[in-house]
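The values are calculated or read from the model by the stated rules, or taken from the named source; none is laboratory data. In this text the structure is predicted, and so the values were computed from the model without any measurement. Please note: Cβ atoms are built from the backbone with ideal geometry, for glycine as well, and neighbour counts cover all protein chains shown. For the accessible areas, the whole protein counts, side chains as well, though only heavy atoms, and no ligand, DNA or RNA atoms are used. Shrake-Rupley method; radii C 1.70, N 1.55, O 1.52, S 1.80 Å.
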Amino acid sequence: MGFKVLTQGLCAMLALLLLFFILPIQTARAAETEKLQLSLKVGSTSATVNGKKVTIERPYMENGTVMVPLGVFKKTFGSKVSLEGNDIVKVTYGSHTGLMMIGSISAWKDATKVKLTSAPRMVSGVLMVPLRFVASILGATLSQGNGGELVITLVPADNEGDVPVDTGIDSDVGKTQIGNSYFRWTLNYPSGLIAGNSGGDESVAAFSSTDNLYYLEIHASDQAVAVDADGLLEQLVREVELGGELILDQESFPKASVPYARLVSKDSSGALWESRLIYAEGRLYEMYLTDEKATHYKDLAKYAGLLGSFRPSFDTKDNKIRDLSTVKNGLSEAYNEDYGISLQVPAAWTKDDQHFYYESKQGSHLTVAITSAPAGSTLESWAEELKTKTQENFVSDAYVFKDSMKSEISGVPAQISETQLNFGNGWTTEYQALVLKNGYRYYFEYVTPAGQEEDKAKFKAIISSIDINFDHMKENFGRIASDDYKIIKNKTITKVSKNGYAIDIPRLWTPNQDVFETQLVEYRFIGGRFQINSKPESSVDYAVNMLKDSYQNKNNDPKGPHIESIVESTFAGVPATILTVHQIKNGVPLRSKQVVFGKNEVVYTITVTLNDANATAEQQALLDKTLQSFQFTGNE
C-alpha cells in the first residue's frame with residue numbers, strides 16, 4: 001500500500017499575511033514610462049521601484065540564490081500574484097505563469113517543471129522568493145548596478161494592463177482532466193483541485209482542495225502479475241489490517257469497464273479513508289482519499305464521481321488534459337540539492353538523488369561523485385589517472401580504451417572517455433565524464449551492459465542535460481574528500497577489533513560491513529571482496545571440514561566450485577589452513593582464498609575473493625599486504 005500521509009498547509013495567519021502583502025497597489029504603466037525597473041541590494045532594506053525609494057524586507061543570499069520579497073514584483077511591474085490554498089503561489093504576467101510551493105524547491109514555469117536552488121519561505125510574515133526565477137517568468141533582464149545593486153528591467157508588452165488578482169486556483173483554463181502521460185492515467189480536474197508536491201517522484205501524485213477539506217493520493221507502480229478485482233480486494237484488506245485500521249466498508253467490481261476494488265477504513269487517528277486498487281496493462285494503481293470532516297463511511301460517497309473518473313490511460317492528443325509528467329524522450333529530471341546539480345536520467349530507472357545513484361533493472365547505471373581536486377590537477381592529468389586505475393585493476397584482455405574527447409558540460413570544459421570492460425560475463429560500456437571547476441572534481445560514470453543499446457544511446461542526452469550550480473558548490477562547501485588515485489592507493493587505515501585482532505585496510509576499499517565489534521567484517525573493491533569472520537567454533541579442523549563440504553562439486557558442474565589446493569601453513573604466528581577455490585558465479589570466473597586459523601577459542605576465517613578479470617599484479621600485491629598486516633592485539 002502507498003504512503004497515505006496526510007499533508008497540512010501553513011496556518012491561516014500565514015495565508016492572511018501573504019494575501020495582505022500582495023494586495024493590488026497602484027503601479028506605473030507602460031504608457032507612463034518606456035520601461036519598468038527595480039533596483040535592490042542583498043542585505044539592504046532600501047530599494048528603488050521605478051525611480052521611487054521604498055522599504056522592503058531585506059533580500060538575502062541562500063545557496064547562491066538571491067531571495068527577495070515577492071510583493072516587490074507587483075509594486076514594480078504590476079504582475080499578478082495569487083495564493084492557492086495555503087502554500088501554492090502563482091505569479092502571472094502576460095501569457096506566462098509561474099507556480100511555487102512554500103518550503104519546496106519544485107516549481108513550474110508555464111508547463112515546465114524546474115528545480116529551485118532555494119525554496120520560497122516566509123520571513124517575518126513576508127514571502128521571500130528566488131529573484132532570478134520570478135524575473136524569468138516576467139521576461140525581465142538582470143544586470144549589475146554601479147554600486148553593487150541588482151537591477152531588474154522590464155519593457156512591458158503593449159497589451160499588458162491591470163488585471164484583477166485571481167484568488168482562485170484554476171491555472172489551467174480549458175483543462176477538464178489531469179493525469180500523467182508517462183504512468184498513463186487520467187482523472188477529472190474539477191475547479192478547486194490543487195496538484196501538490198510529490199518530491200520529484202512521478203509515481204505519486206498528491207492533491208487537495210482549496211479549502212483543505214479533502215486530500216487524495218494516486219500511486220502507480222509496475223507489476224508484471226495480473227490481479228483480478230477479488231484479488232485486489234484481498235490485497236486491500238490484508239494491508240489495511242496489517243496497518244491496524246478498522247474496515248468500515250469493502251467491495252470488488254469485477255464487471256466494471258476497468259475492474260477494481262474499494263475499501264473504506266478508519267485509521268488510528270480517527271480519519272476515514274477510501275482506498276481503491278486498479279490493475280491494468282502491467283501496472284498497479286492505488287488511490288487514497290480522506291475527508292477531515294467525514295465521520296461515517298457514507299460521507300465519502302460524494303467523492304465517487306471524482307474517484308470513478310480515474311482511467312488507466314492517457315490521450316496525448318487531448319489538449320484538455322493537464323499533464324503532470326515531466327518525462328520527455330524517456331528521461332526525467334534528477335536533482336541533488338546539496339551539490340546544486342540537476343540532470344536527466346531514464347524515467348524507468350530507480351533513483352537515489354541523495355547518493356547520486358541511478359540504475360535500470362537490466363544493470364545499466366549512472367553514478368555521480370564530487371570531490372576536492374588535488375593541487376595542480378587538470379582534466380588531462382585526471383583522465384590519465386583514471387586510465388592508470390583501469391590498467392591496475394583489470395588484466396590486459398579485460399579492457400579496451402575506445403575513445404577520449406574534449407567536450408563541454410554546463411558551460412565549462414569537460415573530458416569524456418569511453419572504455420569497454422569485461423568482468424568475465426560479457427563486455428560493458430563505461431563512459432566517464434569529467435568536469436573540473438573552482439577546485440572541485442565532478443565525476444559522472446555511465447555504464448551499460450552488452451545488449452542494452454537503448455540505454456547506451458541515451459548517454460549524449462544525459463550528458464547534455466547536466467546543469468551544475470558552481471557558485472552554490474563554492475559557497476556551501478570547503479575542502480572535502482579527494483579521489484587522487486595515485487595517493488589513495490598507497491594509504492591504509494588501521495582497524496582494531498574487540499575480537500582480538502588489528503588489520504590495515506586500504507583506503508581504496510569500500511566498506512560493506514565495517515563495524516569491527518561484530519563477528520563479520522566485509523569490504524568491497526573492484527572485482528572482489530575481503531571478509532573477516534571471527535566466532536567461537538569447536539576447532540579449526542571443524543571449520544575447515546565445513547568449508548570443504550560446502551565446496552564439494554558432487555555433480556561435476558564445470559562452472560561449480562573446484563578446490564585447487566589445501567595448504568597447511570602459519571598465519572599471524574599460529575597454525576592455519578589455506579583453501580584456494582576456483583568457480584564461476586553469475587557467469588563471472590573468480591578465485592577465492594580462505595585462511596582459517598584459531599586462537600583463544602576463537603576461530604578466524606579470512607576470505608579473499610577476486611575475479612579473474614581483476615587479478616592484476618597490483619591487486620594481488622595489495623591483498624597480500626593486507627593479509628600480512630593482520631596481527632593479534634593481545635586483548636582477546
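Between residue 329 and residue 61, what length comes free when the chain is fully extended (0.36 nm per residue of separation minus the Cα-Cα distance, one decimal in nm)? List each step's numbers first, then the result.
Numbers: separation 268, 0.36 × 268 = 96.48 nm, distance 3.53 nm.
Extra length available between residue 329 and residue 61 comes to 92.9 nm.
Just to be sure I understand the model, the point goes 7 Å from the Cα along the line to the Cβ. What's the resulting residue 401 to residue 460 distance in nm?
Each label point is offset 7 Å from its Cα along the Cβ direction, giving 2.4 nm.
Take the cross-link list 328/351; 498/599; 90/328; 585/625; 491/585 and give me the ones stretching past 19 Å between alpha-carbons. Could the numbers behind the result be given before it?
Numbers: 328/351 16 Å; 498/599 14 Å; 90/328 24 Å; 585/625 26 Å; 491/585 31 Å.
Over 19 Å apart, Cα to Cα: 90/328; 585/625; 491/585.
Could you compute how much accessible surface residue 60 exposes when probed at 1.4 Å, giving the result in Å² to the nearest 10?
Around 50 Å² of this residue is reachable by solvent.
Note the angle between two axes, namely the Cα long axis of helix 229-242 and the longest principal axis of the Cα atoms of the chain, as a number of degrees from 0 to 90, rounded to the nearest 10.
Between helix and principal axis, roughly 80 degrees.
Separation between the residue 582 and residue 520 pseudo-spin-labels, each 7 Å from Cα along Cα→Cβ, expressed in nm?
Reported label-point gap for residue 582 and residue 520 is 2.8 nm.
Given 349, 304, 414, which one lies farthest toward the positive end of the charge dipole of the range 257-415, if we put +1 on the Cβ of every Lys and Arg and -1 on the Cβ of every Asp and Glu?
My answer, from the dipole projection, is 304.
In vacuum, with every alpha carbon of the chain counted as one equal point scatterer, what does the Debye formula give for log10 I(q)/I(0) at q = 0.06, 0.07, 0.08, 0.10 Å⁻¹? Two decimals, please.
-0.49, -0.65, -0.82, -1.11
Could you state the number of Å between the C-alpha centres of the range 568-636 and the range 288-304?
64 Å
Tell me, in nm to one decimal, what length is gained between residue 375 and residue 425 on full extension, where the rule is 0.36 nm per residue of separation less the Cα-Cα distance?
Details: separation 50, 0.36 × 50 = 18.00 nm, distance 3.86 nm.
Taking residue 375 through residue 425 to full extension adds about 14.1 nm, to one decimal.
Relative to the longest principal axis of the C-alpha atoms of the chain, give the angle of the C-alpha long axis of helix 540-550, reported between 0 and 90° and rounded to the nearest 10°.
Between the helix axis and the principal axis of the chain, the angle is about 70 degrees.
What residues have an amide H closer than 5 Å to that of residue 309, excluding those fewer than 5 places away on the same chain, when H is modeled at 1.01 Å from N in the peptide plane?
188
Against the longest alpha carbon principal axis of the chain, how many degrees, from 0 to 90 and to the nearest 10, is the axis of helix 12-21 turned?
Computed tilt is about 60 degrees.
Just grab the label-to-label distance for residue 136 and residue 450, each label 7 Å out from Cα along the Cβ direction, in nm (one decimal).
The modelled label-to-label distance comes out at 4.4 nm.
Which is farthest toward the positive dipole end of the chain among 586, 193, 248, measuring Cα position about the Cα centre, with Cβ charges +1 (Lys, Arg) and -1 (Asp, Glu)?
193
Work out, step by step, the length gained on full extension between residue 269 and residue 556: first 0.36 nm times the residue separation, then minus their alpha carbon distance; give nm to one decimal. Walk me through the intermediate numbers first.
Values: separation 287, 0.36 × 287 = 103.32 nm, distance 6.12 nm.
Taking 0.36 nm per residue and subtracting the Cα distance, the gain is 97.2 nm.
Using the Cα atoms of the range 511-636 to build a convex hull, what is its mean projected area in square nanometres? Walk me through the numbers on the way to the answer.
Numbers: hull surface 32.8 nm².
Directional mean of the projected Cα hull area for the range 511-636 stands at 8.2 nm².
Based on alpha-carbon centroids, what's the gap between the range 431-483 and the range 34-53 in Å, whole number please?
Taking the Cα centre of each part, the range 431-483 and the range 34-53 sit 39 Å apart.
With just the Cα atoms defining each centre, how far is the range 363-401 from the range 237-261? Give it in Å.
53 Å
Say R0 is 60 Å: what FRET efficiency, to the nearest 0.05, do residue 298 and residue 357 get from their beta-carbon distance?
On the way: r = 47 Å, r/R0 = 0.79.
Computed FRET efficiency for residue 298 and residue 357: 0.80.
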